[in-house]
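Where a number appears in this text, it was derived from the coordinates with a stated rule and is not lab data. None of these values were measured; they are calculated from a predicted model. As a convention, Cβ positions derive from the backbone with ideal geometry for all residues, glycine included, and neighbour counts pool all protein chains shown.
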Amino acid sequence: MPHTHYTTLILATNLAERLANAPESVLVFDCSFDLTNPDAGEQAYASGHIPGAHYLHLERDLSGPKTGKNGRHPLPDRAGLVSKLASHGLMQGQQVVAYDAHGGAYAARLWWLLRWLGHDSVALLDGGMQAWQAAGYALDTATPAAQRGDFKAAAPLAVTVDAHALEQNLATHDKLVVDARSPDRYRGENETLDPVAGHIPGAVNRFFKDNLTADGRFKPAHTLRDEFKAVVGATSPEHVVLQCGSGVTACHNALAMEVAGLHGAALYPGSWSEWCAEPTRPVATGPNPNP
């Protein structure tokens, strides 16, 4: 019997069933992380994770080298990422499940990166570690052994936009930029991560945490669709560019749009941390023009 193919979200019950009945058909990655303490996620993984899960570190594994001008979490080298995932045992077409303990803020980056590598059998564990434990499933502390997989990249299923294109967009307004950061950081208040406060001129705000219900699960598709339509108005998804501080939580909005059936939004990987590293680029502050 063929297995269900998950491309956006998977419930804890479905993942547990899959791990019990066909463990070789799924590869689970723990992406837990803390921007203010880069070792915290790995320590949390060591103290207990979903059985069989491998750990991926946001800065070491899911980002490339920083130059000081290319943002805080540049995209990793494609070939290097393919090799790293294969070293964890990833096979062509294998179902991947990504999770964290942070509402999917970091796991969504792996979801997006796998789509960028042309792999669509990737889903986020809805509700993350908390949902797994709330359902009564056990954790494990063993690090799984990995045999090398045969994973290879294919044509990207995810689109990117660079800073130059967004500089041109300041004049053309062809794309609508959606900023996933918290409303205060978007307005230019309480900035602690980047040297300049504010947002890209013309960008509107959709805080990624607004994609979740109080229990950390994604809102229903129809709710997300209505809420994103309210943010982007008449702009079609293919003309939407998603960004955040460093191209991480913007992936959460990308996932939410996919869940909502709004396909084709692009990611600006450098995001605000890259944009504000060039002093000649304009900066806006103040409230969201269309809340």
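Some observations on this one:
- FRET efficiency for Arg148 and Val283, using Cβ-Cβ distance with R0 set to 51 Å, rounded to 0.05: 0.65
- Cβ-based charge dipole, segment 104-220, positive-most Cα from Val178, Leu113, Phe208: Leu113
- For segment 43-66 versus segment 213-248, the gap between their alpha-carbon centres in whole angstrom: 26 Å
- Proximal lysines to Lys84, defined as alpha-carbon separation beneath 26 angstrom and excluding residues fewer than eight positions away on the same chain: Lys66, Lys69, Lys152
- The slack between Asp184 and Ala214, meaning 0.36 nm per residue of separation minus the straight C-alpha distance, is 8.8 nm.
- Scattering profile of the chain at q = 0.07, 0.13, 0.16 Å⁻¹ [log10 I(q)/I(0), Debye over alpha-carbon scatterers]: -0.24, -0.86, -1.30
- Span per principal axis, largest first, for the Cα atoms of segment 159-275 (Å): 35, 31, 20
- Mean separation of Cα contacts under 8 Å (6+ apart) over length of segment 159-275, as relative contact order %: 34 percent
- Charged-residue dipole, Cβ positions (Lys, Arg, Asp, Glu), segment 159-275 about Cα centre, Debye nearest 20: 340 debye
- Within the chain, percent of DSSP bridges classed antiparallel, to nearest 5: 10 percent
- Dividing the mean sequence gap of close Cα pairs (under 8 Å, 6+ apart) by how many residues segment 60-189 holds gives a relative contact order of 26 percent.
- As a rough footprinting exposure proxy, the listed residues Ser32, Ser271, Ser236, Ser121 were ranked by other beta carbons within 10 Å of their own, and the order from fewest upward is Ser236, Ser121, Ser32, Ser271.
- Taking Lys and Arg as +1 and Asp and Glu as -1, the other residues whose beta-carbon sits under 15 Å from that of Gln168 total -2.
- FRET efficiency, Asp226 to Ala22 (Cβ-Cβ, R0 30 Å, nearest 0.05): 0.25
- Between Val97 and Leu27, Val28, Phe29, Ala123, the built amide H atoms are under 5 Å apart, and every one of these is 5 or more places off in sequence or on another chain.
- Taking every Cα-Cα distance in segment 9-134 and sorting them into 10 Å bins from zero, the calculated P(r) comes out as 13, 47, 33, 7, 1 percent.
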